[in-house]
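Structure first, commentary second.
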Amino acid sequence: MAVEEEGLRVFQSVRIKIGEAKNLPSYPGPNKMRDCYCTVNLDQEEVFRTKIVEKSLCPFYGEDFYCEIPRSFRHLSFYIFDRDVFRRDSIIGKVAIQKEDLQRYHNRDTWFQLQHVDADSEVQGKVHLELRLSEVITDTGVVCHKLAARIFECQGLPIVNGQCDPYATVTLAGPFRSEAKKTKVKKKTNNPQFDEVFYFEVTRPCSYSKKSHFDFEEEDVDKLEIRVDLWNASNLKFGDEFLGELRLPLKILRHSSSYEAWYFLQPRDNGNKSLKPDDLGSLRLNVVYTEDHVFSSEYYSPLRDLLLKSADVEPVSASAAHILGEVCRDKQEAAIPLVRLLLHYGRVVPFISAIASAEVKRTQDPNTIFRGNSLTSKCIDETMKLAGMHYLHVTLKPTIEEICQSHKSCEIDPVKLKDGENLENNMESLRQYVDRIFTVITKSGVSCPTVMCDIFFSLREAAAKRFQDDLDVRYTAVSSFIFLRFFAPAILSPNLFQLTPHHTDPQTSRTLTLISKTIQTLGSLSKSKSASFKESYMATFYEFFNEQKYADAVKNFLDLISSSGRRDPKSIEQPILLKEGFMIKRAQGRKRFGMKNFKKRWFRLTNHEFTYQKSKGDQPLCNIPIENILAVERLEEESFRMKNMFQVIQPERALYIQANNCVGAKDWIDILTKVSQCNQKRLTVFHPSAYLNGHWLCCRASSDTAAGCTPCTGGLPANIQLDIDGDRETERIYSLFNLYMGKLEKMQEACGSKSVYDGPEQEEYSTFVIDDPQETYKTLKQVIAGVGTLEQEHAQYRRDKFKKTRYGSQEHPIGDKSFQNYIRQQSEISTHSI
C-alpha cells in the first residue's frame, strides 16, 4: 500500500531475518531454562511472532519475515517473551531500532543488546496542542497573564491489554507551583478527540499602567513549563497506565502569543536503570528496510524501454538488463526487480533464454552447466519463486504437513540413533516419505507453470546444441534448477517457502534434510549415485532407489516440463488456496432476530469462494462466491471503536472483519480485491462507516440500501499470482544504477580500453563481461543519461517538498528525528547550491 504524496507514491517494506538470541537471563527456579519466542512490532503493534523455542537460554529461530508497511512508524521493535503457562507471558527484553537508523544496519547480520522494558518507556503516538497567552483585566483594573492550553486530539496511542480508554492531564509546573487539570476519558479509541481548553494564571496580578503589554517577569517564565500526560483509564488494581508525555517550556511564547503544533509523545525519563544491557542477552538480526518514491509512469519510459528491449540486443551482454547484473555487488539484488519488471511486461522468457544461451556458450564442461551464481541462475531462481509458488504448495504441502505432524523418527545414521530406536524401522519410514515426495513431484509435470516450462525448454535446447555428444545434458540443464534449486531447498527449509509457518523442530528438520538430499540426488541423474554421498549411511540408504524406474520417472518428468506444447492450456481449473487464518467477524444479520456480536472464525480464500468456519478443517458456516464480492474496503475505526477493520461488501449486506494487525488487514484487503477485481458488478462508491442504529455513520443516510457516499479505492491488477507494480520495479532498478554509478563509469572506461587496445586486460576491468565494446558503451551512455534525468527529478521533488513542509504539522510532528535529519541535509544541499 502506497502513501500518496503530490505526484508521488511512497512504498515502505521490510525484510527481516531473525537469527538467534544468546545469554538470556536464567529463569529464577530450579530448571533455569526458558521457553522463548520473538515478536516483530511496528512501534508497539505486533505484526509477526516466531515459534516458541523450549528449554533454552540461547534459542535459535532462523525465521524470515517480509511485509509491506501500510502506515508511518517511529520504531521497528523486537521483543523476546518467556512463555508462562499459568500467567501472562513475561517480556525478557527488547531491541528498538529508530526508523532513521535502519539504513545503518541495512542487510548486515548484527547482534543487538536486549534493553530493559519499562512501562514508562513504551510510548507511541502524537498530540495536537495549542498554547495561547493573553492579558486579562479584572474588575479592579488589575492585569494578570493567563495561559489557555487547548488539547485538540491524539493519534496512534498504544493499545494496552487489548483496550485503550485515554485521557490527558495538563499541568502548569514550576519550581514552586504545580497546577493540574484533566480531560474527559474517551472510551475505546486510540485516536481520541478531546478539544478541551484549560486556563492557568501565569503571572502575579499587577497594575496595568505599571507593566507594558506582555512584559511579564522573565525569571518566572523561564522556569515554567506545560506538561501534557496521556493515560489509559484502567480498572486494574495497579492504576492507570502511562501512555506518553509532552513537556513544553513557556518561553516558546516569547516571540508570539500563541503556538499551535503537533508533537510526538515522549517517554518519561524515570525508567528502571539498574539493569545493565549485558544482563539481558542479545539478539541477532538482519534487517532490510526499503522506501521507494515512485513517480507517475511517464517518468520511467526511457529507462523502462531500455530494459524491456534487452532480450533483442546483440550481444545480450550489451543490454541494459545484463549491465545491471554486471555492476551490482550481488547478482540477486539485480535479479529481483529485473525479473519482476520483465514478468510484468511478458519479457522474462526471451531475456532468460538470451542470457542462458550466452552462458552456455562460455561453459566448457557440461557437468558444471548452470552451477554458478550467475545472473542467469539468479533470474531463473527468482522466476520460479514468483511463478512457481502455488505449484510448489500444491505439490509438496500436504506431504510436508503430514511429516511435521506425524513426528516419526527417520534417523539412519547409526551414531545418532537414540535409545530404543530401530535402524530398519527408521530407514523404512524415510523410504516411504522419499517415495511419496518423489512420486508427487514426478507426476506434477502437467501443473508446472507455463512460464517455467518455456524457460526450461530454452535451457534444454541451448545445452543440447552446445554439447551434442552428451545425451544427458538436456536433462541435467533442467534438473539443476527444478530439483537442485526449487524442490530440494523447499523440502530442506519449508518455512522459507511458506510451506510451514515456522522453522521446524530439530527432529523434523533432520528428516527433511535426509529427504532433500535423496531427492536432489535422484533428480541429478548422476552416473555413480552412491559415490555422490560423503556419508556411508546415505550410500546404503540410496540402494533402495537404484532401480531404473526412478531414472525413467525423472526423465519423463523433465521431458514433460521442458517440451514445447506439452499440454492443453484449457486444463480443468481446480480451486487455488490464496490465504487462510483466524480473524474476528461481526454477525452479518442474515437472521432477522439475534445478537450481532463479534466472534473469532477461521477464514479461507480460494479463487472460487471466501468462507469462514469455527476452526480450521470444520464445515464452512458461510460461503461467499467470489462473483458476489462487490468491493473490499477499510472500515473507519469510529464504527465499532476497533482497529484494523475492513468490510467485504455483498449484494445484500456487508461482512465486517477485524484483522490481527495493520499488516494482516492490508494483506487480506489486497488479495480479496485482486481476486474479485474482474467482477462485472463491482461498486464505484461505498460507505466507509457501518450502518448502526438506523443510519449510516458516515453520511447519516437512513436507508440501509442507500448508495455509498465515498468513491471506492483504485483497483489492483487482476493477476492473482503476480501483483507487480512496473513503475516501482523500474524505480528500484534506477536506485541500483544510481548506487553503482561509479561502476557504470568504470565499465565505460573498460569499453574504451577494449576498443583501442587488444592486449591483456587491466585487472580492474577484468570483472566485466564485455563481448562488444561499442554496443556496450552505447547502452551505458543511454543508461547513465536515463538515470541522470531521474536523479534530477528526485532532487527537484526533494527541494519542492522542503519548501512546502512545515515542522510541527500533522505529517511531521515536533520530535520527528528523521525529518530533522532531512531538514539538515536539505539545508546543506541548498547552501552548497548557492
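The values are calculated or read from the model by the stated rules, or taken from the named source; none is laboratory data. Fair warning: this is a prediction, and the values are worked out from it, not measured in the lab. When we count neighbours, we look across all protein chains shown, and the Cβ atoms used for this are built from the backbone with ideal geometry, even at glycine. Calculation scope for accessible area: heavy atoms of the full protein, side chains included, ligands and nucleic acids excluded. Shrake-Rupley method; radii C 1.70, N 1.55, O 1.52, S 1.80 Å.
The figures follow:
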| item | result |
| --- | --- |
| Selection within region 448-468 - buried (at least 18 other Cβ atoms within 10 Å of the Cβ) and hydroxyl-bearing (Ser, Thr, Tyr) | Ser458 |
| Among the residues listed as Glu775, Glu761, Glu828, the single one being of a type in the set (Asp, Glu), in a helix (DSSP H, G or I), at pLDDT below 90 and more than 30 Å from the chain's Cα centre (by Cα) | Glu828 |
| Any hit, region 281-293, residues being on the phi > 0 side of the Ramachandran plot and modelled with pLDDT of 90 or more | yes |
| Considering residues of region 709-722 that are surrounded by 15 or more Cβ atoms within 10 Å (Cβ to Cβ) and at pLDDT 60 or above only, the residue nearest to Ala631 (Cα to Cα) | Cys712 |
| Boolean, Pro398 is farther than 30 Å from Leu343 by Cβ and open to solvent by 40 Å² or more (accessible area, probe 1.4 Å) | no |
| Single unsatisfied condition, Pro337 versus (1) within 27 Å of the chain's Cα centre (by Cα); (2) open to solvent by less than 20 Å² (accessible area, probe 1.4 Å); (3) of a type outside the set (Phe, Trp, Tyr); (4) under 30 Å from Gln113 (Cβ atoms) | (4) |
| Any hit, region 729-751, residues being modelled with pLDDT of 90 or more and in a loop (DSSP other than H, G, I, E, B) | yes |
| Filtered residue count, region 277-320, keeping only those that are assigned to a helix (DSSP H, G or I), among the aliphatic types (A, V, I, L, M) and out of contact with any helix residue (DSSP H, G or I) (no Cβ under 8 Å at 6 or more places or on another chain) | 1 |
| Residues (surrounded by 21 or more Cβ atoms within 10 Å (Cβ to Cβ) and among the β-branched types (Val, Ile, Thr)) located in region 280-293 | Val287 |
| Boolean, His116 is open to solvent by 20 Å² or more (accessible area, probe 1.4 Å) and under 16 Å from Leu246 (Cβ atoms) | no |
| Residue that is least open to solvent (accessible area, probe 1.4 Å), among those in region 577-626 that are of a type in the set (A, V, I, L, M), farther than 24 Å from Arg682 by Cβ and modelled with pLDDT of 85 or more | Ile584 |
| Residues within region 370-395 that are under 19 Å from Leu471 (Cα atoms) and either open to solvent by 40 Å² or more (accessible area, probe 1.4 Å) or part of a helix (DSSP H, G or I) (or both), tallied | 1 |
| Any chance Lys17 is closer than 25 Å to Asp725 by Cα, in the same structural domain as Leu285 (by the TED database) and of a type in the set (D, E, K, R) | yes |
| Some residue of region 246-257 being modelled with pLDDT of 90 or more, open to solvent by 20 Å² or more (accessible area, probe 1.4 Å) and part of a strand (DSSP E or B) | yes |
| Criterion (farther than 30 Å from Met427 by Cβ, open to solvent by 30 Å² or more (accessible area, probe 1.4 Å) and in contact (Cβ under 8 Å) with a residue 24 or more places away in the chain) met by exactly one of Ser317, Ser353 | Ser353 |
| Residues of region 156-166 satisfying the condition of being open to solvent by 20 Å² or more (accessible area, probe 1.4 Å) and modelled with pLDDT of 90 or more | none |
| Residue that is modelled with the lowest pLDDT, among those in region 356-369 that are open to solvent by less than 10 Å² (accessible area, probe 1.4 Å) and in contact with a Lys or Arg (Cβ under 9 Å, 6 or more places away or on another chain) | Ile369 |
| Meets criteria (outside any helix (DSSP H, G or I) and not aromatic (Phe, Trp, Tyr)) for Gln432 | no |
| Residue ranges of strands (runs of 3 or more DSSP E) in region 24-123 with at least 1 members of a type outside the set (D, E, K, R), without any contact (Cβ under 8 Å) to a residue 60 or more places away in the chain and farther than 30 Å from Cys404 by Cα | 75-82, 90-98 |
| Any hit, region 652-660, residues being modelled with pLDDT under 85, polar (S, T, N, Q) and surrounded by 18 or more Cβ atoms within 10 Å (Cβ to Cβ) | no |
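For (1) open to solvent by less than 40 Å² (accessible area, probe 1.4 Å); (2) of a type in the set (A, V, I, L, M, F, W, C); (3) over 23 Å from Ser735 (Cβ atoms), each residue gets a yes or a no:
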residue	(1), (2), (3)
Thr779	yes, no, no
Ala785	no, yes, no
Gly788	yes, no, no
Glu793	no, no, no
Arg806	no, no, yes
